[in-house]
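The values are calculated or read from the model by the stated rules, or taken from the named source; none is laboratory data. Source: prediction; values computed, not measured. No Cβ is skipped: glycine too gets one built from the backbone with ideal geometry, and neighbour counts run over all protein chains shown.
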Amino acid sequence: MHIKENFLKLKAGYLFPEIGRRVTAWTDANPDKTARLILCGIGDVTEPLPQAVRDAMHAAIDEQGVAATFHGYGPEQGYGFLREAIVENQFAALKISADEVFISDGSKCDTGNILDIFGKGNKIAITDPVYPVYVDTNVMAGNTGEADENGAYEGLVYLPCTAENDFMPAIPEEKVDLIYLCYPNNPTGTTASRAQLEAWVAYARANDAIILYDAAYEAFVQDPSVPRSIFEIEGAHTCAIEFRSFSKNGGFTGVRCAYTVIPKSLTVTASTGEQVSLHSLWNRRQATKFNGASYPVQRGAAAVFSPEGKAQVAALIEHYMGNASLLRNACISAGLTVFGGENAPYVWVQCPQGIDSWGMFDKMLEDAQVVITPGSGFGAAGEGYFRISSFNTRENVEEVCRRIAAL
Ligand SMILES: *Cc1c(COP(=O)(O)O)cnc(C)c1O
């Protein structure tokens, strides 16, 4: 019997279990104060699914109850109605066609599964701090060595993102093959400018590298000069794959729908010298291993682009960004240095002098009964910062702001 021993290299999911352990220890010791706890650590939405989405899903369920309108297996790539609505509403003028959009049940899965189409021996660059999925899926795939005592894996190229470089990593000196970029960023809540993305696209083209661009938070961009898609950058169609999700804009975290855009012009040279289209490899992968997102879910996702759906999603974004603004201002008023939170639902806060990320976690828990996420949990370069999520009710956010002011 052989197992995939790469899995044994994984650090046993350290961040969220450790948060849970510390919260449990505190609640056990402080049963009288437990009701005061407010969770600002999670990256999950809190507001209900838009009415337009629920209406469309109800109607689709009813269609499933009638033989004449029943849908069995759908296309593995997603239904045309959704792929077309996405292109029309999200990629107008960006030279993306409906058949370059692959519908799925989540960007977490897609950003992990994409490694199926890449071979061994690629040099992989990831930003630090980072969404842990990119790292762990590469460990599972065997693209790394062992982790060191700081949790950094041998073989990965870490690109530190700190206040000093505006949370946008320097272009690597060495050649890498795959680069994960996520903007607006989780966890830092910061954005990439057009000029910065142009530099990455130029690097990728010059080095035959591919940018895996996670735009899960695209809908939170408020500043019209901030790019929402890598495909706004000239040349990206030959060097980038973009991941998008309905999770954070439409509140689909519990419904599951996302998509991956692979331009047909994105090709790589195989060892035989043959030009191979990554679109066709991903199409083959999905057709073989995936049977499509469910019909009612895809109808619900398409309703995000209806006039009612757009208005309801805009109201959700306004709610969360209003929260982010309150949290930013509360931290600034408390004398803290704050990043992000202007085009993303995360506020990234520098710990006061002399306190590290976990120290700040404990302080916020003990003194304010607010659970935040320690920056070091997202990577070594996150040390000295903490993340406050704006995914919350307004009432909770206002209370958190009062408690930050009272610290
Ligand atoms: C929330 C999130 C996603 C979305 O994942 P789903 O599987 O579509 O819910 C993707 N990337 C990042 C960085 C995220 O934070």
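List of remarks:
- Here residue 232 meets the list (1) under 16 Å from residue 94 (Cα atoms); (2) within 16 Å of the ligand (Cβ to nearest atom) almost entirely, failing just condition (2).
- Whichever residue in region 225-250 is of a type in the set (Val, Ile, Thr), touching a strand residue (DSSP E or B) at 6+ places or on another chain (Cβ under 9 Å) and not in a strand (DSSP E or B) and, among such residues, is surrounded by the fewest Cβ atoms within 10 Å (Cβ to Cβ): 238
- When the test is whether a residue is charged (D, E, K, R), modelled with pLDDT of 95 or more, under 22 Å from residue 312 (Cα atoms) and touching a Gly at 6+ places or on another chain (Cβ under 7 Å), residue 154 does not pass it.
- Only one of the numbered conditions (1) basic (Lys, Arg); (2) within 11 Å of the ligand (Cβ to nearest atom); (3) farther than 26 Å from residue 280 by Cα is not met by residue 256, and that is (3).
- Residue in region 142-151 that is outside the structural domain of residue 375 (by TED's automatic domain parsing), within 16 Å of the ligand (Cβ to nearest atom) and touching a residue at least 12 places away in the same chain (Cβ under 8 Å) present: no
- Check on residue 68, free of Cβ contacts under 8 Å to residues at least 40 places away in the same chain, among the aliphatic types (A, V, I, L, M) and exposed (fewer than 12 other Cβ atoms within 10 Å of the Cβ): yes
- Pairs meeting the criteria (first residue in region 333-360 and among the polar types (S, T, N, Q), second residue crowded, with 21+ Cβ neighbours inside 10 Å and assigned to a helix (DSSP H, G or I), beta carbons under 7 Å, at least 6 apart or on different chains) are 343/220; 357/375; 357/376; 357/382.
- Residue check: residue 18 meets all listed conditions (1) at pLDDT 95 or above; (2) under 26 Å from residue 248 (Cβ atoms) but one, namely (1).
- If the condition is being within 12 Å of the ligand (Cβ to nearest atom) and not acidic (Asp, Glu), then region 104-119 contributes 104, 106, 107, 108, 109, 111, 112, 113.
- Test result for residue 189, in a loop (DSSP other than H, G, I, E, B) and surrounded by fewer than 17 Cβ atoms within 10 Å (Cβ to Cβ): no
- Scanning region 103-135 for residues that are surrounded by 22 or more Cβ atoms within 10 Å (Cβ to Cβ) and more than 17 Å from the chain's Cα centre (by Cα) gives a single hit, 124.
- Number of positions in region 81-120 that are at pLDDT 95 or above and on the phi > 0 side of the Ramachandran plot: 2
- Subset of region 240-253 that is under 18 Å from residue 178 (Cβ atoms) and more than 9 Å from the ligand (Cβ to nearest atom) - its residue that is farthest from the chain's Cα centre (by Cα): 240
- Near pairs, Cβ below 7 angstrom, 6+ apart or cross-chain, from region 204-231 (closer than 14 Å to residue 190 by Cβ and not assigned by TED's automatic domain parsing to the domain that holds residue 133) to any residue that is within 16 Å of the ligand (Cβ to nearest atom) and small (Gly, Ala, Ser): none
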